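Can you read through this structure? Questions will come right after.
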Amino acid sequence: MKYLKKVISSLIDLLMPGRCYMCGQIIEGKSALCPECYGKITFLSDQCCPICGKPYIFPSEKDLICQNCLREKPKLKRLRAVFSYDAYSRELILPFKHTDRTDMAPFFSQLMIQIGQELIEHCDIIIPVPLHRRRLLKRKYNQATLLASKIASTCQKKMLPHTLLRTVNTKPQGHDNRLQRKNNVKNAFLVKKKNDVEGKKVLLIDDVYTTGATLNACAEALYAAGAKRVEGLTLARVCHFT
Ligand SMILES: [Zn+2]
Ligand SMILES: [Zn+2]
């Protein structure tokens, strides 16, 4: 039976070869990116600010807290991301976010599990950054929930998709600066069931961390509801914001 399954699966692979998620060219095996596209993505390492995960420019900065975190201590105790958000990774993420490419979730969540292993191990519950219900109706799915649910099931953690609510339908934050983003999401989140988070270590999941305004606003709401510790794990992270 096992053998038969293997044969069928390799036959399917042969008939429906995989395509690179970025450039669309046919690739062998089960990989999601062709070697050229893989090479274009800037994967992040642990050479980063111990709080917000901003990559160091010089190796001598090791263990130093970055200027942003020194200026204003983030609510989020720690953030880690898989890769830098730039023109290339944007191309990779946009179809997942906007054009129903939900089939990309297993690949993305696998990458997040690798970089975020320690954060996942230490958390009690996983919570995705919510969309406002009106936006959810329009988009049909929340990409953060897809990632969170895959991570939770693989790592046998509890995922709570309805605990944190987005009560204000904030406008898209495309060109806003740091302060505008912060004001935009201020008080936009609410914890529906305080019991779910009281005394718990929470891991927030999102697709992209830009200035951290959204994740920090979520963390603030979770702390107000009694969470013990809030950390974040995202697929991508904007690294050039000062
Ligand atoms: Zn490619
Ligand atoms: Zn920092």
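Any residue that is under 20 Å from the mean Cα position of the chain (by Cα), closer than 19 Å to ALA148 by Cβ and among the polar types (S, T, N, Q) - is there at least one of those in segment 35-49?
Within segment 35-49, not a single residue is under 20 Å from the mean Cα position of the chain (by Cα), closer than 19 Å to ALA148 by Cβ and among the polar types (S, T, N, Q).
Do we have any residue at all in segment 86-95 that's more than 16 Å from ligand 1 (Cβ to nearest atom) and among the hydroxyl-bearing types (Ser, Thr, Tyr)?
Scanning segment 86-95 turns up no residue that is more than 16 Å from ligand 1 (Cβ to nearest atom) and among the hydroxyl-bearing types (Ser, Thr, Tyr).
Considering only residues of segment 149-164 that are crowded, with 16+ Cβ neighbours inside 10 Å and in contact with a Lys or Arg (Cβ under 9 Å, 6 or more places away or on another chain), which is nearest to VAL238 (Cα to Cα)?
If we take residues in segment 149-164 being crowded, with 16+ Cβ neighbours inside 10 Å and in contact with a Lys or Arg (Cβ under 9 Å, 6 or more places away or on another chain), then ILE151 is nearest to VAL238 (Cα to Cα).
Something else now. Could you tell me which of the residues ARG237, ARG178 is charged (D, E, K, R), at pLDDT below 95 and either within 28 Å of ARG101 (Cβ to Cβ) or surrounded by fewer than 20 Cβ atoms within 10 Å (Cβ to Cβ) (or both)?
When all the criteria are applied, what remains is ARG178.
Between LEU215, LEU190, which is assigned to a helix (DSSP H, G or I) and assigned by TED's automatic domain parsing to the domain that holds ASP124?
Step by step, each of LEU215, LEU190 is checked, and only LEU215 is assigned to a helix (DSSP H, G or I) and assigned by TED's automatic domain parsing to the domain that holds ASP124.
Looking at the structure I just gave you, is GLU61 away from ligand 1 (no atom under 16 Å from the Cβ), assigned by TED's automatic domain parsing to the domain that holds LYS201 and at pLDDT below 85?
So GLU61 passes the test.
Taking the stated definitions as given, is CYS49 at pLDDT 80 or above and touching a helix residue (DSSP H, G or I) at 6+ places or on another chain (Cβ under 7 Å)? Can you show your working first?
On the way: at pLDDT 80 or above: yes; touching a helix residue (DSSP H, G or I) at 6+ places or on another chain (Cβ under 7 Å): yes.
Yes, satisfied.
So which residues in segment 133-148 are over 18 Å from SER89 (Cβ atoms) and crowded, with 17+ Cβ neighbours inside 10 Å?
First, pick out the residues of segment 133-148 that are over 18 Å from SER89 (Cβ atoms): 133-142, 145, 148.
ASN142, THR145, ALA148, listed by residue number.
So which helices (runs of 4 or more DSSP H) stay within segment 14-117 end to end and still have 1 or more residues that are within 13 Å of ligand 2 (Cβ to nearest atom) and surrounded by 15 or more Cβ atoms within 10 Å (Cβ to Cβ)?
Ranges flagged: 67-71.
Can you give me the number of residues within segment 34-58 that are within 16 Å of ligand 1 (Cβ to nearest atom) and touching a residue at least 24 places away in the same chain (Cβ under 8 Å)?
The qualifying residues number 5.
The values are calculated or read from the model by the stated rules, or taken from the named source; none is laboratory data. Note that the coordinates shown come from a computational prediction; the quantities given were computed from them, not determined experimentally. All Cβ positions, even for glycine, are placed from backbone atoms using ideal geometry, and neighbour counts span all protein chains on display.
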